[in-house]
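Visitor: Encoded as structure tokens, here's the structure I'll be asking about.
Laboratory data are not the source of any read-out in this text; all were calculated from the coordinates shown. Worth saying up front: this structure is predicted, and the values here are computed from it rather than measured. Ideal geometry is used to build each Cβ from the backbone, glycine not excepted, and the neighbour counts take in all protein chains shown.
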Amino acid sequence: MAIRVRRSFIYLFVWTLIALLAALGCSRKAPQGESDDETRIATNLPDQILHHSDIVVTKRGSKEVVIHSVYLEKYLSRDSTLMVKIDALFYDSLGAVASALTADSGIVRENTQQMEVWSNVKVVSQNGVTLEADSLQWDQKRNQVITESFVKITYQGNEQTGFGLESDARLTNFRIKRDVRARIEDAEKPKRK
């Protein structure tokens, strides 16, 4: 009986020791001299996580863009704000809405004043132009929308497609770079009923 108790005690001691070592091995404390920020960077953890949030981009005190996202992760050390399910409004110099953008995902880099969006990107301007693309970049410094991806622009029944684009945020002055195709609706021809 003493042997069974001793054997049970040894098994209990060994399993407790294994569990304790496993628990200590799974936790990560910052090594001596390493800050929480360095630990966050090393483990790729965001500095902030927000749900249903807005980013307001201004230039000389005037609102240029309001970006709403369903989910947002901010990484301060990388100057990166990752967003999911994006709705953005671009404003003209008078403060009126110039265009609206939707996209599945995107990233904002505040220091370089750039935004990139991808997947199901659509921009609708106040003048009736619709732009669809795989991805877009907005450069605040130049107030320009650019991409190298496939684009489709529709306006009053006309359609232009191609690869690559440079445009202003209002989509009034744009240039498709290559493989341009167009379908122009004849304004003289009566429409079928």
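Visitor: Based only on other Cβ atoms within 10 Å, what is the fewest-to-most ordering of 78, 175?
Guide: 175, 78
Visitor: While we're looking at this one, here's another question. I'd like the projected area of the range 52-183, averaged over all directions, using the convex hull of its alpha carbons. Report it in nm² with one decimal.
Guide: Projected area, direction-averaged: 7.8 nm².
Visitor: Separate question: Step through the residues of the range 142-154 one at a time and calculate ³J(HN,Hα) from phi using the Karplus curve (6.51 cos²θ - 1.76 cosθ + 1.60, θ = phi - 60°), rounding each to whole Hz and writing x for Gly and Pro.
Guide: Values, residue by residue: 9, 6, 10, 9, 9, 6, 10, 7, 5, 10, 9, 10, 10 Hz.
Visitor: Could you grab the relative contact order for the range 52-183? Cα pairs under 8 Å, six or more apart, rounded to a whole percent.
Guide: With pairs under 8 Å counted, the relative contact order is 14 percent.
Visitor: Also, quick follow-up: Given 152/177; 59/177; 59/152, which pairs have Cα atoms separated by over 23 Å?
Guide: Where the Cα-Cα span goes over 23 Å, the pairs concerned are 59/177; 59/152.
Visitor: Right, something else. Excluding residue 130 itself, calculate the net charge of residues whose Cβ lies under 12 Å from the Cβ of residue 130, where each Lys or Arg counts +1 and each Asp or Glu counts -1.
Guide: Neighbourhood net charge equals 0.
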